[in-house]
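Scroll down for the structure; my scribbles are underneath it.
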Amino acid sequence: MMTKAKSGSSNEALVKQLKELSVRGVLMDMAYAGQLLELKCEMPKCYYHKGRESFDIKTHPPTNWAPSADHYPVPKAAGGELKPWNVRLAHVMCNREDYGWRTRINTLLRKGESLEGIAEDLNRKHVQAPHGRNTWTAATVRKAFVS
């Protein structure tokens, strides 16, 4: 259920920003309800060179830097729903990159690979490391997987 943003409230400004970006759906519902506090990529690692607070207007298909609803903490692949209690704001690219390495890590863990072995595989395949690191380590793999 969507409620109207209170006049003069901080979420009124956010609702306006999201409308200007052509955002609809759960992110807009969250803004109206005061469940989204700012226009900022909430992914553990934001890849946009212009920063977490910069977004492109949402188009179809969306650009890499358009707003995206990321299924979190329960990923879509694990049955997570696109509901306010399971969504964070992301850039399309940040969401895609996070999903990509999380899926790779999960697959290799299921095969019994060590964290060190996974780090070596990700480095060999030139997968960009999250959390401001240049290379993957066992600790980075674990931190990325549980974040």
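The values are calculated or read from the model by the stated rules, or taken from the named source; none is laboratory data. These numbers were taken from a predicted model, which means no experiment stands behind them. Methodologically, a virtual Cβ is constructed for each residue, glycine included, from the backbone with ideal geometry; neighbour enumeration extends over all protein chains shown. Just the protein is used for accessible areas: all its heavy atoms, side chains included, with ligands, DNA and RNA removed. Shrake-Rupley method; radii C 1.70, N 1.55, O 1.52, S 1.80 Å.
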- [ ] Would you count, across segment 41-114, every pair of lysines whose alpha carbons are under 25 angstrom apart, provided the pair is eight or more residues apart or spans two chains?
- [x] 7
TODO: Compute the length gained on full extension between residue 135 and residue 54: take 0.36 nm times their separation in residues and subtract their Cα-Cα distance, giving the result in nm to one decimal.
DONE: 26.6 nm
TODO: Quick one: compute a quarter of the convex hull surface over the Cα atoms of the chain and quote it in nm².
DONE: 9.4
Task: Cα long-axis angle, helix 115-124 against the chain (0 to 90 degrees, to the nearest 10) - done: 80
Task: Accessible-area value, residue 83, 1.4 Å probe, nucleic acids and ligands omitted, Å² - done: 90
Task: Interchain or long-range residues, amide H under 5 Å from residue 87's placed H - done: 72
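Using a cut-off of 12 Å between beta-carbons, work out the net charge of the residues near residue 114 (Lys and Arg +1, Asp and Glu -1, residue 114 not included). Please report the intermediate quantities before stating the final value.
Details: positive: 111, 142; negative: 113, 116, 120, 121.
So the surrounding residues net to -2.
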- [ ] Could you provide, to the nearest whole Å², the per residue accessible area of the chain with probe 1.4 Å?
- [x] 60
- [ ] Summarise the accessible area of segment 55-125 (1.4 Å probe, protein heavy atoms) by the percent that is carbon and sulfur.
- [x] 54
Task: Value of [θ]222 nm, deg cm²/dmol, for the chain, DSSP H segments ≥ 4, -39500 (n - 2.57) each, nearest 500 - done: -11500 deg cm²/dmol
